[in-house]
Amino acid sequence: MKSKIAFYPSLFALSGLLFAFIMMYLEERGISGYLVENIPLLVVNNGDTALTILSACITGLISMMVFSFSMVMVLLNQASTNYSPRLLPGLISDHKHQIILGIYLSSILYCIFILFSIQPTGDQYQVPGFSVLVGILAT
């Protein structure tokens, strides 16, 4: 199981999902309120701005993931044609590629779930400011 190509990305994706739920729980407990009182420059107060920032982070991460792994596929194609197809399992099972893919996936899932947690209440949005800041840093 550990030698499969999707093992590490799956672990990272689940950790990003779990971290998003933990941050939503902490937002219900008022962690953003503490930051607004002490360090207001770090917290995004506007709901539209938070939606825009998280959407840009998600699209940027998806673009980087597509670019990075299309380059890996080009490398694998050239390695199989120029050398030997027996070289491919060694390149595919490289843990660095799997960890990078997992980091991309966990950041994307985190940003998506935080994006969906921004809910309108009347004319205002309930903004999870600290979670948005963590999403920016993860990106």
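The values are calculated or read from the model by the stated rules, or taken from the named source; none is laboratory data. Note that the structure is a prediction, hence the values are computed from the model and not measured. Every residue, glycine among them, receives a Cβ derived from its backbone with ideal geometry; neighbour counts consider all protein chains shown. The area values use the complete protein model at the heavy-atom level, side chains included, leaving out ligands, DNA and RNA. Shrake-Rupley method; radii C 1.70, N 1.55, O 1.52, S 1.80 Å.
For the range 15-115, please list each of the helices (runs of 4 or more DSSP H) lying entirely inside it that holds at least 1 residues being in contact with a strand residue (DSSP E or B) (Cβ under 6 Å, 6 or more places away or on another chain).
Correct list: 47-82.
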Subject >> Among the residues listed as Ile114, Ile62, Ile99, Ile108, the single one being among the β-branched types (Val, Ile, Thr) and over 12 Å from the mean Cα position of the chain (by Cα) >> reply: Ile99
Original post:
Looking at the range 114-138, which of its residues are β-branched (Val, Ile, Thr) and modelled with pLDDT of 90 or more?
Top reply: Ile114, Val132, Val134, Ile136
Original post:
Looking at Leu105, Leu133, Leu115, which one is aliphatic (A, V, I, L, M), closer than 26 Å to Leu26 by Cβ and open to solvent by 50 Å² or more (accessible area, probe 1.4 Å)?
Top reply: Leu105
**OP:** Output the residue which, of all residues in the range 1-33 that are over 16 Å from the mean Cα position of the chain (by Cα) and open to solvent by 80 Å² or more (accessible area, probe 1.4 Å), is modelled with the highest pLDDT.
**Re:** Tyr25
Subject >> Qualifying residue in the range 44-56 (condition: of a type in the set (Gly, Ala, Ser) and surrounded by fewer than 14 Cβ atoms within 10 Å (Cβ to Cβ)) >> reply: yes
**OP:** Output the number of residues of the range 77-102 satisfying the condition of being surrounded by fewer than 11 Cβ atoms within 10 Å (Cβ to Cβ) and within 30 Å of Leu51 (Cβ to Cβ).
**Re:** 0
Subject >> Residue among Leu101, Leu137, Leu76 that alone is on the phi < 0 side of the Ramachandran plot, in contact with a Ser or Thr (Cβ under 9 Å, 6 or more places away or on another chain) and among the aliphatic types (A, V, I, L, M) >> reply: Leu101
